[in-house]
Amino acid sequence: MRMTPPPLIGLDLDNTLIDYETLFCTEAVRMGLFPAGVTAGKAAVRAHIQAHGQGDIDWQHLQTRVYGEVIDEAPLFAGAAAFVQAAQAAGIPLVIISHKSRHTHISPDGPNLRDAARRWLAAQPDLCGLVEREQVHFTDTRADKIALIRALGCTVFVDDLATVLDDPAFPPEVLAVHFAPGPAPVSQRAAVRCARWEQVTDTVFGTLPLARLHEVCGKPLSWSTPVGGGRNNRLLPFSGPTGEVLLKVYPHRPERQTDSFEAERAALEFCQTVPALAGATPRLLGSGERCCLLERMEGVPALTDRRSGDVAAMLAFVQTLWQVSHGQPQAQALGAAAEACSDAASVLAQVQQRLERLRPVAHPALQAFLHDQMDPAVQDACRRLQPRLTTDQPLPRALQTLSPADFGLHNALRHPDGRLVFLDFEYFGWDDPVKLVAETALHPGHALSAAERSAWLHGCLEFYRQRDEDFPARLADLGPLFALRWALIALNEFLPRDVSRRQFAGALGQSPEALETRRLQQLETAQSLISAWEPAG
């Protein structure tokens, strides 16, 4: 369920847009209310002041200074500008509604706090022109603030105070987002609790299936401890009273013939019907528009806890996939794997297509590699493959298997009970098992040792040759070509479209320096992959 973009977004101001956390400590030190050389947040500063000197009177004087004379030193919360800009890009108006008196009780003739807040807003370059003066409202009481949220027709409201969002008068039709970057009472009513503005942006403008999240996790719902995401998607963690989940969000990739979201959803639905696979794959709890809701599984990345039985577990998984491919009627309804290779010509065509996409890239080191190493290797592979190319026919479905495609320890979790749980089925579907076997042996993501690679190849040869007499010869012929294919895949960071996808997933830095470093690393990987294929014997 995609949330319809709201027609009006309301934002609180203090401690929601304005970040006072550091300023309270800085100003308290200047006023002699807090020891110098100690860094503390607002709550710790308040606790210290109220336990010393004039206590609450000193605290109120500090508030008068921070919200008045020195407010200009407070920064805008990180990520808030991007949220405001996203609203502008979507054509959604914003209003600021703040419960703020004109003067503090302790300093009725002191600075006008509303004027100070307007001055702060006007001085923010990232908000300039995005929040107009007439869109900023101040109220004398919390009740007035809530009444104004209703009267203005807000359909989303972001606030740091649970007392506002949980007030019985707060309009139930408003999507309440609790912004709580630090320890604070949890809102029981808010749709979700966010610790960062980036999470607020995802909540309001993303594709979160909130109703299903609440059904699975309960309320209050919070963004949870971040997890490492994939290189092509984003993993958004949530927790609630009844569970923890991961929301996997997939970018739209119109250039691909297969849809990674549809492929993974279909794969997990299928695996859950097969007891032998259900315990070795993530549990799908639901889905929304371009997102899957997955049970958050316990464990650690398999690469950080490698064990002697891992290759045997990998072999058992792909062998079970073969058996259910030809033993479960519903398997026939599943589609082809991403970039499936049903014959030698299709493998060669993919290599040549990837090579041609890289030719226009203006990068001297890349072009030198293509000219000096890749082009000769492809020409040599074509010569060696010519006998098969002249006689090869598309592999019939009876000799294909359901394949996870991007398979290996790099996409596996070590469960606390020791078993492997295999992840990422975005490319799942029917394919030649030769492609699965060769690419798993070659995949740089898990870097199998020589012994592990040998065990994998020999185990696969023993299994598949009993079901397809041409399998060993096909593997020997196509293995070197799959090595070239993987070398070219490693160079995707040179393509702008793929860079955007990596940055969407958070797997690549935004700076030119980070990108260039990554590109040179991938170039080294590609150089090593060209000659990486070793026959199983």
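The values are calculated or read from the model by the stated rules, or taken from the named source; none is laboratory data. Nothing here was measured: the structure is a model prediction, and the numbers come from that model. All Cβ positions, glycine included, derive from the backbone under ideal geometry; neighbour counts span all protein chains shown.
Selection within segment 39-72: residues that are among the polar types (S, T, N, Q) and farther than 12 Å from Cys25 by Cα. The member of this set that is modelled with the lowest pLDDT is Gln54. Taking (1) in contact (Cβ under 8 Å) with a residue 60 or more places away in the chain; (2) surrounded by 15 or more Cβ atoms within 10 Å (Cβ to Cβ); (3) in a loop (DSSP other than H, G, I, E, B) in turn, Val95 satisfies each apart from (3). Considering Ser346, Ser342, the condition of being assigned to a helix (DSSP H, G or I) and either farther than 24 Å from Gln522 by Cβ or in contact (Cβ under 8 Å) with a residue 12 or more places away in the chain (or both) is satisfied by Ser346 alone. Restricting segment 390-442 to residues that are modelled with pLDDT under 95 and among the polar types (S, T, N, Q), the residue that is nearest to Ala267 (Cα to Cα) is Asn411. Among the residues of segment 31-59, those identified as farther than 29 Å from Leu127 by Cα and polar (S, T, N, Q) are Gln50, Gln54.
Can we say Thr64 is of a type in the set (S, T, N, Q), closer than 30 Å to Arg212 by Cα and surrounded by 15 or more Cβ atoms within 10 Å (Cβ to Cβ)? For Thr64, the condition - of a type in the set (S, T, N, Q), closer than 30 Å to Arg212 by Cα and surrounded by 15 or more Cβ atoms within 10 Å (Cβ to Cβ) - is not met. No other residue among Ala44, Ala40, Ala117, Ala81 is under 27 Å from His178 (Cβ atoms), without any contact (Cβ under 8 Å) to a residue 24 or more places away in the chain, aliphatic (A, V, I, L, M) and not in a loop (DSSP other than H, G, I, E, B) apart from Ala44.
Of all residues in segment 205-217, those that are modelled with pLDDT of 85 or more and part of a loop (DSSP other than H, G, I, E, B) total 0.
What residue, among those in segment 399-423 that are farther than 17 Å from Pro472 by Cβ and touching a Lys or Arg at 6+ places or on another chain (Cβ under 9 Å), is surrounded by the fewest Cβ atoms within 10 Å (Cβ to Cβ)? So the residue we want is Gly418.
Residues are listed down the side, and each one gets a yes or a no for (1) at pLDDT 95 or above; (2) surrounded by 15 or more Cβ atoms within 10 Å (Cβ to Cβ); (3) closer than 14 Å to Ala526 by Cβ:
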{"site": "Ala336", "(1), (2), (3)": "yes, yes, no"}
{"site": "Ala362", "(1), (2), (3)": "no, no, no"}
{"site": "Ala368", "(1), (2), (3)": "yes, no, yes"}
{"site": "Met374", "(1), (2), (3)": "yes, yes, yes"}
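Evaluate segment 1-22: report whether one residue or more is of a type in the set (Phe, Trp, Tyr) and more than 32 Å from the chain's Cα centre (by Cα). No, every residue in segment 1-22 fails to be of a type in the set (Phe, Trp, Tyr) and more than 32 Å from the chain's Cα centre (by Cα).
The selection criterion, being touching a Leu at 6+ places or on another chain (Cβ under 9 Å) and either more than 27 Å from Gln328 (Cα to Cα) or among the hydroxyl-bearing types (Ser, Thr, Tyr) (or both), does not hold for Leu268.
Selection within segment 125-140: residues that are assigned to a loop (DSSP other than H, G, I, E, B) and either more than 18 Å from Asp12 (Cβ to Cβ) or at pLDDT 90 or above (or both). The member of this set that is farthest from the chain's Cα centre (by Cα) is Asp140.
Listed conditions (1) outside any helix (DSSP H, G or I); (2) touching a Leu at 6+ places or on another chain (Cβ under 7 Å); (3) among the β-branched types (Val, Ile, Thr) are all met by Val66, apart from (1). Applying a threshold of 7 Å to beta carbon distances and a minimum spacing of six or more residues, or different chains, the list of pairs starting in segment 134-147 at a residue that is surrounded by 15 or more Cβ atoms within 10 Å (Cβ to Cβ) and ending at one that is assigned to a loop (DSSP other than H, G, I, E, B) reads Phe138/Lys100; Arg142/Asp167; Ile146/Asp167; Ile146/Ala169; Ile146/Phe170. Find the residue count for segment 159-194, including only residues that are within 23 Å of Ala40 (Cα to Cα), assigned to a strand (DSSP E or B) and of a type in the set (A, V, I, L, M, F, W, C). The total comes to 2. For the condition touching a His at 6+ places or on another chain (Cβ under 7 Å) and at pLDDT below 95, Gly153 does not qualify. The set of residues from segment 304-333 being in contact with a strand residue (DSSP E or B) (Cβ under 6 Å, 6 or more places away or on another chain) and not in a helix (DSSP H, G or I) comprises just one member, Asp305. The residue of segment 12-43 that is nearest to Gly68 (Cα to Cα), among those that are β-branched (Val, Ile, Thr) and surrounded by 21 or more Cβ atoms within 10 Å (Cβ to Cβ), is Ile18.
Please work out if Arg485 is within 30 Å of Pro512 (Cα to Cα), part of a helix (DSSP H, G or I), out of contact with any helix residue (DSSP H, G or I) (no Cβ under 6 Å at 6 or more places or on another chain) and of a type outside the set (S, T, N, Q). Even if it seems obvious, please write down each step before you answer.
Numbers: within 30 Å of Pro512 (Cα to Cα): yes; part of a helix (DSSP H, G or I): yes; out of contact with any helix residue (DSSP H, G or I) (no Cβ under 6 Å at 6 or more places or on another chain): no; of a type outside the set (S, T, N, Q): yes.
Considered against the rule, which asks whether it is within 30 Å of Pro512 (Cα to Cα), part of a helix (DSSP H, G or I), out of contact with any helix residue (DSSP H, G or I) (no Cβ under 6 Å at 6 or more places or on another chain) and of a type outside the set (S, T, N, Q), Arg485 comes out as no.
The selection criterion, being aliphatic (A, V, I, L, M) and over 25 Å from the mean Cα position of the chain (by Cα), holds for Leu113.
Taking segment 98-107 as the range and being out of contact with any Leu (no Cβ under 8 Å at 6 or more places or on another chain) and part of a strand (DSSP E or B) as the test, the residues that pass are His99, Ser107.
Conditions tested, residue by residue: (1) closer than 12 Å to Ser342 by Cβ; (2) in a helix (DSSP H, G or I).
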position	(1), (2)
Gln379	no, yes
Arg383	no, yes
Gln386	no, yes
Thr390	no, yes
Leu395	yes, no
Leu402	no, no
Ala405	no, no
His410	no, yes
Trp430	yes, no
